[in-house]
Amino acid sequence: MCGIVGFIGQKDVKNVLLTGLETLEYRGYDSAGVAIYTNNEVIVYKDKGRISHLRQVIGEDASTMGIGHTRWATHGVPNQVNSHPHTSQDGRFTLVHNGVIENDDALRCKYFAELKFKSETDTELVVELLSYYVNKYTQVDVAIRHMMNRLKGSFALAILDRDNPDVFYVVKNKSPLLIGIGDGFNMVGSDAMAMLRETNKFFELNDKEYAIISRDKVEIFEITGAIIKRDYFESSIDPNDIEKGTYKHFMLKEIDEQPFVIRRILEEYQLNSHLYIDENILSLVRSADRIFIIAAGTSFHAGLIGKQLFEKLTNIPVEVYISSEFVYNTPILSISPLFIFISQSGETADSRAALVKIKSLGYKALTITNVKGSTLSREADYTLLLHAGPEIAVASTKAYTAQIAVLSILAYLTNPNNTFDLQHELSIVSSVLETLCDQKEVVEECARELLPTTRNCFYIGRHMDYFVALEAALKLKEISYIQTEGFAAGELKHGTIALIEKNTPVIAIISQENINLNTRSNVKEVKARGANTLVISLKSVSADGDQIVIDDVHPLLTPLVTIVPIQLMAYYAALHRNLDIDKPRNLAKSVTVE
Ligand code: F6R
């Protein structure tokens, strides 16, 4: 994972780099560094810790060019030596890297058997390889091409050459990288958000391409050295979307944005006042005899709801797979399957590996993602966007609800015989979400009573509520570090109930008429064994004593509303424990390693 930036031009380079890196901290935040070009020298500042720490250790030197990195460790523990940038031992090249070099060991043995490397990173191999080829072929661009041909794996690189104060180089394969263009400056970043404060004009860089960036020119090349002519695009992301505003945490801001996200989706998927999706996509879905949904983490949980929506609204059978499992344990496929990839970031390496696999088998794929132009979007045949706005907090919230909303529209439009008014039902959802977001104190109080010191917790539910319980458990554990499991309520008594003891928190979700009484019996069973219980229910199935009661929505859309108190519960549990909510330990927002 990791995030990279680079800048050349007349500005406060260090500040541009550090501000860009702060935006990229969602990609990793265990160490950080910058290299700046000053007085014909490249000076590196790097250390374990966050960008805020780097700001304190960085020097005063003025500069017109630099590169920076925020790290999520893959090769070697987070420490000063392993932090990027890395410099070749002859001192000429300094670079930052996002990705994983798969043939690191083989290349070390082949070219550098005698060399004593300073760090444990695969990146140091890259900078030495570049220096090796420059010694052999003299020209840096020729050396870059040789290096690209040798490296296997994922690599987005930004490279400074001590002997050239006028340009820096970037290279891309599999890891994301965009070039930002400005007046009197140019820059690069792992995503557009890292550059939005400076520019909203970007060049895309594709896999196996490199570029030479100067103050007033960007030249993009194929790996063969052939120059590429490419049009720039303008980003429509509002820079305010990447600020916290008056919120203490992005997570709370993003939870609060959910009513607007549903409304925006209704606007984006509308034509002549009716719900609309491109007919090519709808016929693709209609022609499928089976849908395979592939995703990871929260997106996988949205996929489980997607299965219910498709099967109930279209009658097409659906299987849902965890991306990393699908690749190595591919199921028997049907005659005309359709593959739907769900990914907030569009960059998840596990999902991409599955996409590459199904494309190699000649099948069609549709990606549902929040990020236009992301890898999973570019490599699939079709894309549906979530229109949720940038999601910055590591814990996914608004992307989950957006994924379910988009899936519901797709399933609904696939079958022209659906008679209920989904547009109307989704606008009811939006209003209910607004009411829920206005009642945070109720949830905060529940979190304070139920979860202040507990080490474990259970979420239970049946049918739709079971799938929400899985997402609920992920949300709570990832930011509060409370060990939490989501269970099918009826399954508890087949083993797991042994874990229930005095004061174990058990939270039940009840949103459907047909499971109401059964789940309530399960609540009684755990209560009789000492559990501290809490019930989140919909009004029509609520009972006296339920702590959180939500206004009714269409039975197929209940996950869109039951999830909100659950997201808030996780938020407040982490807040009460004084934890780093937006950047939980060991996690990164965009998981670009398998
Ligand atoms: C949890 C979370 C992760 C992601 C997962 C997949 O809050 O955000 O579980 O859902 O890493 O990421 P995307 O959706 O970007 O493919």
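The values are calculated or read from the model by the stated rules, or taken from the named source; none is laboratory data. Since the model is a prediction, treat every value here as computed from it, not as a measurement. As a convention, Cβ positions derive from the backbone with ideal geometry for all residues, glycine included, and neighbour counts pool all protein chains shown.
A few notes on this one:
- Filter pass, Leu426 being over 26 Å from Arg585 (Cβ atoms) and touching a residue at least 60 places away in the same chain (Cβ under 8 Å): yes
- Wholly enclosed strands (runs of 3 or more DSSP E) of the stretch 452-522 bearing at least 2 residues of a type in the set (Gly, Ala, Ser) and modelled with pLDDT of 95 or more: 483-488
- Qualifying residue in the stretch 128-135 (condition: in contact (Cβ under 8 Å) with a residue 12 or more places away in the chain, touching a Gly at 6+ places or on another chain (Cβ under 6 Å), closer than 30 Å to Arg230 by Cβ and of a type outside the set (Lys, Arg)): no
- Residue within the stretch 561-581 that is within 16 Å of the ligand (Cβ to nearest atom) and without any contact (Cβ under 8 Å) to a residue 24 or more places away in the chain present: yes
- Hey, Ser396 closer than 29 Å to Lys244 by Cα and buried (at least 21 other Cβ atoms within 10 Å of the Cβ) or not: yes
- Looking across the stretch 125-149, the residues that are among the β-branched types (Val, Ile, Thr) and within 36 Å of the chain's Cα centre (by Cα) come down to Val126, Val127, Val140, Val142, Ile144.
- Residue ID - farthest from the ligand (Cβ to nearest atom), chosen from residues in the stretch 286-314 that are of a type in the set (Lys, Arg) and in a helix (DSSP H, G or I): Arg286
- The criterion of being surrounded by fewer than 24 Cβ atoms within 10 Å (Cβ to Cβ) and part of a helix (DSSP H, G or I) holds for Glu22.
- Residue match in the stretch 398-408 (condition: without any contact (Cβ under 8 Å) to a residue 40 or more places away in the chain and polar (S, T, N, Q)): no
- Residue in the stretch 44-63 that is aromatic (Phe, Trp, Tyr), closer than 29 Å to Thr19 by Cα, surrounded by 15 or more Cβ atoms within 10 Å (Cβ to Cβ) and without any contact (Cβ under 8 Å) to a residue 40 or more places away in the chain present: yes
- Some residue of the stretch 423-441 being outside any helix (DSSP H, G or I) and within 16 Å of the ligand (Cβ to nearest atom): no
- Matching option when the condition is more than 24 Å from the chain's Cα centre (by Cα) and touching a residue at least 60 places away in the same chain (Cβ under 8 Å), among Leu361, Leu309, Leu275: Leu275
- Filtered by the rule that a residue be under 16 Å from Phe93 (Cα atoms) and of a type in the set (Gly, Ala, Ser), the stretch 1-51 gives Gly6, Gly33, Ala35.
- The set of residues in the stretch 314-334 that are touching a residue at least 24 places away in the same chain (Cβ under 8 Å) and over 12 Å from Phe292 (Cα atoms) comprises Thr314, Asn315, Ser324, Val327.
- Within the stretch 339-364, if we keep just the residues that are aliphatic (A, V, I, L, M) and within 17 Å of Val591 (Cα to Cα), the residue that is farthest from the ligand (Cβ to nearest atom) turns out to be Val356.
- Every condition in (1) under 20 Å from Gln423 (Cβ atoms); (2) modelled with pLDDT under 95 holds for Tyr269 except the one numbered (2).
- Residue selected from the stretch 365-379 under the condition assigned to a loop (DSSP other than H, G, I, E, B) and within 13 Å of the ligand (Cβ to nearest atom), by the criterion farthest from Ser236 (Cα to Cα): Ser374
- Scanning the stretch 498-519 for residues that are more than 30 Å from Leu587 (Cα to Cα) and surrounded by 13 or more Cβ atoms within 10 Å (Cβ to Cβ) yields a total of 7.
- The test for being within 22 Å of Asn149 (Cα to Cα), within 23 Å of the chain's Cα centre (by Cα), in the same structural domain as Ile8 (by TED's automatic domain parsing) and buried (at least 16 other Cβ atoms within 10 Å of the Cβ) does not hold for Glu209.
- Subset of the stretch 319-340 (residues that are of a type in the set (Val, Ile, Thr) and under 25 Å from Glu594 (Cα atoms)): Val320, Ile322, Val327, Thr330, Ile332, Ile340
- Lone unmet requirement of (1) of a type in the set (A, V, I, L, M); (2) within 13 Å of Ile482 (Cα to Cα); (3) crowded, with 20+ Cβ neighbours inside 10 Å for Ile550: (2)
- Within the stretch 389-400, the set of residues being modelled with pLDDT of 95 or more and more than 10 Å from the ligand (Cβ to nearest atom) comprises just one member, Lys398.
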